[in-house]
Amino acid sequence: MRPKPSSRAICARCLIGGRLFSTTRQPRVQNTNNEISQSPPQAGYARLTNRALISITGADSTTFLQGLITQNMFVANDPNRSVRRTGSYAAFLNSHGRVLNDVFIYPLSQSEGASPDEPAWLVEVDKNEVASLMKHLKKHKLRSKLQLRALEDGERTVWASWKPHAEPRWAAYNLESPPAAPFLPSSELVVGCIDSRAPGFGSRLVTPGTEDLRTHVPDETQVAGSEVDLAAYTVRRMLHGVAEGQSEILREGSLPLECNMDMTRGVDFRKGCYIGQELTIRTHHTGVVRKRILPVQFYDGDLSTLASADGPVYDPSSSALSLPPSGSSISKAGPRKGRSAGKFLGGIGNVGLALCRLEMMTDIALTGEGSQYSPDQEFKITWARTEGMPDTEAGEVKVKAIVPPWTREFILSGGVKNNNHNNNRDTDGHRARDLLEEEEAHRRNE
């Protein structure tokens, strides 16, 4: 006898805002990943065992990274070119502007051997990509005065921490004020940064050893909730539409703007040259980003059976259909498939991520040429049995792309290009504050 589906589920927007979201019963979907038995908590922290660290130390380490990553290693608009002392999200690109690795960069404190003359950095990367990133770094090291070392398991631990966020809206997220440190200044052995990949998404922290995060940051105002497993963090990440690692941000197959790195502050468009800059800048200034990574909902019934929500809804009881292999093509459901509508990247249960053609799978119109979107059009992923993978059987599942509110606002406002018009940071700040006031007024009238 099949277990009864749970009617208790949670959507991305309610998860951020600190409210549970009760929906109608969701279609049951199964996958081969580590499905969790309940929705991610509103506050908690997770040990990211799927991530690893590379140490880069030496006099040339800062300028070395400056020429390789999309982020600025120096404080923006500072005539003295002061080295930034906050962590940040970034990416390494190849010469064709495709993403090699999505990373977090953390500065080490002077108490850990760093100094103005000998800066030290930690690069957090997908654990399966350590060898390839080390090869990339050594390839460009040349005569630079620096040392590269992949940290052993147990030397340090990477954590994701989050708590209910009262203002997840795009305008507040886009304010130009520098983010506050996510940990106590006295915690010199703890490094980290605000995770800017979605509003209110939380913090990224790196601690020495393998002890629990609360051993180093016991303050409840700094770290809330209790520890959860990696699968719970992954579900929460997918509900927010945040891709991570090269199983989702396909190595040498993804453009940084298609992976929302412009929106997530992973690209500094005002810095100097770096590998892969040419295509990135050209797309930013003259191109239209027609594809973006979005959260998706899987279902096996009619489109009308899906609950209406601003984000995907995770059903912990989903257990009927397998999910497709990563990289599977999304097509229109019906007799005429037409061109590919997107590419499946990864999922757990009945939620996941996909690289979607915006004007096919969503109601966003990017140009005046008209949109191919129809609200009644359904999309599906069909896949065959894969040779050499006996656990992979042929199957089919329907999929619906959902645009998070902050992603919609970012695209419709013109994105970074419009925000950085005339390189006027004061104008940007006033504009974001005006938007925030409009949102507050709208909220009071709801």
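Take region 44-259 with all the other protein chains still there, run a 1.4 Å probe, and you get 40 Å² of accessible area per residue. Annotation: lysines with alpha-carbon distance below 16 angstrom to LYS271 (same-chain offsets under eight excluded): LYS417.
Here the spin labels are modelled as points 7 Å beyond Cα on the Cα-Cβ line, and at SER196 and ALA333 they lie 3.9 nm apart. Decide, for region 44-259, between rounded, prolate and oblate: order the square roots of the alpha carbon gyration tensor eigenvalues as a ≥ b ≥ c, take rounded if a/c falls under 1.5, and otherwise choose prolate if a/b is larger than b/c, else oblate. Rounded, since a/c falls under 1.5.
Counting only protein chain heavy atoms and rolling a 1.4 Å probe, the accessible areas of ARG85, ARG290, ARG204 rank, largest first, as ARG85, ARG290, ARG204. For region 44-259, the tally of Lys pairs with Cα-Cα distances below 27 Å comes to 7, considering only residues 8 or more apart or on different chains.
The amide H of GLN42, built 1.01 Å from its N in the peptide plane, has no neighbour under 5 Å, considering only residues 5 or more places off or on other chains. Along each principal axis, taking the top coordinate minus the bottom one, the Cα set of region 33-111 gives 52, 37, 24 Å in descending order. The lysines whose alpha-carbon is closer than 24 Å to the alpha-carbon of LYS398, local same-chain residues fewer than 8 away aside, are LYS4, LYS291, LYS332, LYS337, LYS343, LYS380. With all protein chains in place and ligands, DNA and RNA left out, the 1.4 Å accessible area ranks LEU294, LEU355, LEU189 as LEU189, LEU355, LEU294, largest first. Each of ALA76 and LYS139 was given a label point 7 Å from its Cα along the Cα-to-Cβ line. The distance between the two points is 2.9 nm.
So if R0 is 51 Å, what FRET efficiency would ASP219 and ASN94 give, r being the distance between their Cβ atoms, rounded to the nearest 0.05? In this case the efficiency is close to 0.75. Multiplying the residue separation of ASN50 and GLN38 by 0.36 nm and removing their Cα-Cα distance gives an extension gain of 2.2 nm.
HIS96 contributes an accessible area of around 130 Å² to the protein surface, as traced by a 1.4 Å probe with all chains present.
Per atom type, region 292-416 shows carbon and sulfur on 47% of its accessible surface, probed at 1.4 Å. For region 292-362, the list of trypsin sites (Lys or Arg not before Pro) that fall in a loop by DSSP and count at most 15 other C-beta atoms within 10 angstrom reads ARG336, LYS337, ARG339. Amide H contacts of VAL351 (H built 1.01 Å from N, in plane; Pro and chain starts excluded): PHE298 sit under 5 Å, all sequence-distant by 5 or more or on other chains.
The values are calculated or read from the model by the stated rules, or taken from the named source; none is laboratory data. All values reported here derive from a predicted model rather than from experimental measurement. Ideal geometry is used to build each Cβ from the backbone, glycine not excepted, and the neighbour counts take in all protein chains shown. Accessible surface is based on the protein model in full, side chains and every heavy atom, while ligands, DNA and RNA are left aside. Shrake-Rupley method; radii C 1.70, N 1.55, O 1.52, S 1.80 Å.
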